[in-house]
Amino acid sequence: GDDDREKNLLIETIETILNSGGRYAAIHMMRMGLLPWIRGVLAGRHFSLSLHTLSIRFSFLKLISTALDLMDKTDPTSELAEYILIEISGLFKSIVHLYFDTIQSNLIDSHGERKNQSYTDFCGAIYKLLHTINLLALNCRERINGDFGLSSSTANGIEISVACSILSETSTNEMWRAKVVSSIVVLPFRVDSSKDLSLTKKFCISLLSSVVRDDSDIWNQTLVFLLRRISLLSVLAGETIRDDPDIISLILSCKLRCMQVSALSEWKECLISLLSVENLPSFLDEIGNQSVISFLQQLS
C-alpha cells in the first residue's frame, strides 16, 4: 500500500544520499545520528509492524550495509572509533533480533525445511551484514588506544545468550559461522546475568571448536581477540569454566594455529587463566613449554 511505498522511498532516499556523498556523507550522517536511528527502528517495540514485509526488511538491510561499507572506508579518530564500536555492538544485537523475528514469523514460508530461496537470500543478507560489522570493528580497533570493550564487560555489549543463539543457527555453515564468530569476539560484550554465566562454557566451546575445525585465513586477525575474550570470561565466570577439560583440550589443540599467527603469548595467558594452581601438575607435561612452566613456578 501507500505506507509501504513511503517506507521504501525513505530508505531508498537515505541510501542514495549515502552513495552520492560517499564516506563524507557517511561521517556526517553518522554524527547526525544515523546509527542510533537504525538501531532505534530495529529495537522499537513495534518494529515488526514498521518492517512488516520481507521486501522492506531486505531494503533496510541493504541501507545498513551501504552505511557500514562507507564507514569502513573512513579514517576515524580514536574517540570516533570507540563511538562506532558501541553503536555497532547494539546494531549487531538488533540485527540478530531481526533475524530471529523473521525466520520465526510467517514472512518466510520455509515448508518445514528452511531451504526455499527467500530464506537462503535473507540469511545471506544477514550474514554478509555481520561480516561487514566485523570488518568495520577491526578497522576501529586499529585506531583505539588500549583494549576498549575487551578488557571489561560493557553495558552496551553483546550478551552471551544472544551470541550463543546466533552461533547455534550458523553451526552447519562453516563460512558464515567464521564471519559471525569473528564479529562476536571483536565487538564489546556484556555478562550481567546468571543466564549469561550458565552459558559461558557452551560459548567458549563454540568459539574454540570453530577455530579447531576451520583452517581459513579469517582467523588470522581475530584469534588474538578470541583468546582474550576467553581469558576475561575465565575471570568473570570463575568456576563455571576454570579447569574444564573440554575447554582446555580445545585450547591445547589451538597451539600450532596460534604460533602461525603470532598469538602464542595470548594462548599461554588464556591457558594459564583457565587452570587452578592445584590442577596444574596434570597439565604441565601436555603443555611441554619451558617458558610456561617457569611462569607457573613463580605462581606456586
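The values are calculated or read from the model by the stated rules, or taken from the named source; none is laboratory data. Bear in mind that the values here come from a model prediction, so they are computed numbers and not experimental data. Because the Cβ atoms are built from the backbone with ideal geometry, glycine has one as well, and the counts that use them run over all protein chains shown. Quick note on the areas: whole protein, heavy atoms, side chains included, nothing else; ligands and nucleic acids left out. Shrake-Rupley method; radii C 1.70, N 1.55, O 1.52, S 1.80 Å.
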Practice problem: Of all residues in segment 190-205, count the ones that are among the small types (Gly, Ala, Ser) and under 19 Å from ASP244 (Cβ atoms). | Solution: 2
Quiz item: Tell me, which residue of segment 117-142 that is of a type in the set (A, V, I, L, M, F, W, C) and open to solvent by 20 Å² or more (accessible area, probe 1.4 Å) is nearest to ASP72 (Cα to Cα)?
Solution: LEU135
Practice problem: May I ask you to list the residues in segment 261-300 that are within 25 Å of SER210 (Cα to Cα), modelled with pLDDT under 85 and either of a type in the set (S, T, N, Q) or open to solvent by 70 Å² or more (accessible area, probe 1.4 Å) (or both)? | Solution: GLU286, ASN289
Quiz item: Within segment 261-275, which residues are more than 11 Å from VAL224 (Cα to Cα) and either without any contact (Cβ under 8 Å) to a residue 40 or more places away in the chain or among the hydroxyl-bearing types (Ser, Thr, Tyr) (or both)?
Solution: LYS268, LEU271, ILE272, SER273, LEU275
Quiz item: Only one residue in LEU223, LEU250 is under 15 Å from the mean Cα position of the chain (by Cα) and modelled with pLDDT of 85 or more. Which one?
Solution: LEU223
Quiz item: Can you name the residue in segment 32-51 that is part of a loop (DSSP other than H, G, I, E, B) and touching a helix residue (DSSP H, G or I) at 6+ places or on another chain (Cβ under 8 Å) and is also farthest from GLU82 (Cα to Cα) among such residues?
Solution: LEU51
Exercise. Kindly list, by first and then second residue, each pair from a residue in segment 74-99 that is of a type in the set (Ser, Thr, Tyr) to a residue that is in a helix (DSSP H, G or I), limited to pairs with Cβ atoms under 7 Å and residues at least 6 apart or on different chains.
Key: THR74/ARG23; THR74/ALA26; THR74/ILE27; SER94/ARG39; SER94/LEU42; SER94/ALA43; TYR99/ILE126
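Each row is one residue, and each column tells you yes or no for (1) farther than 27 Å from PRO188 by Cβ; (2) part of a helix (DSSP H, G or I); (3) of a type outside the set (A, V, I, L, M).
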site	(1), (2), (3)
LEU9	yes, yes, no
THR16	yes, yes, yes
GLY21	yes, yes, yes
MET30	no, yes, no
LEU63	no, yes, no
ASP69	no, yes, yes
ILE88	no, yes, no
Quiz item: Across segment 107-143, which residue is modelled with the highest pLDDT among those that are in contact with a helix residue (DSSP H, G or I) (Cβ under 7 Å, 6 or more places away or on another chain) and outside any helix (DSSP H, G or I)?
Solution: ARG143
Exercise. List every residue pair whose Cβ atoms lie under 6 Å apart, where the two residues are 6 or more positions apart in sequence or sit on different chains, the first residue falls within segment 220-234 and is buried (at least 24 other Cβ atoms within 10 Å of the Cβ), and the second residue, located anywhere, is acidic (Asp, Glu).
Key: LEU227/GLU266
Exercise. Could you please give the count of residues in segment 16-40 that are touching a residue at least 12 places away in the same chain (Cβ under 8 Å) and either surrounded by fewer than 18 Cβ atoms within 10 Å (Cβ to Cβ) or over 30 Å from SER105 (Cα atoms) (or both)?
Key: 11
Quiz item: With LEU187, LEU208 as the choices, which residue is within 24 Å of PRO245 (Cβ to Cβ) and among the hydrophobic types (A, V, I, L, M, F, W, C)?
Solution: LEU208
Quiz item: Of the residues in segment 71-86, how many are part of a loop (DSSP other than H, G, I, E, B) and open to solvent by less than 50 Å² (accessible area, probe 1.4 Å)?
Solution: 2
Exercise. Scan segment 180-199 for residues that are among the charged types (D, E, K, R) and either open to solvent by 40 Å² or more (accessible area, probe 1.4 Å) or modelled with pLDDT of 80 or more (or both) and jot them down.
Key: ARG190, ASP192, LYS195
Quiz item: Can you spot a residue in segment 44-52 that is of a type in the set (Ser, Thr, Tyr), in contact (Cβ under 8 Å) with a residue 40 or more places away in the chain and closer than 23 Å to ARG190 by Cα?
Solution: no
Quiz prompt | Scope segment 200-219; condition open to solvent by less than 30 Å² (accessible area, probe 1.4 Å) and hydrophobic (A, V, I, L, M, F, W, C); matching residues | solution = PHE203, CYS204, LEU207, LEU208, VAL211, TRP219
Quiz prompt | Residues of segment 144-155 classified as buried (at least 16 other Cβ atoms within 10 Å of the Cβ) and either at pLDDT 75 or above or of a type outside the set (A, V, I, L, M) (or both), total | solution = 4
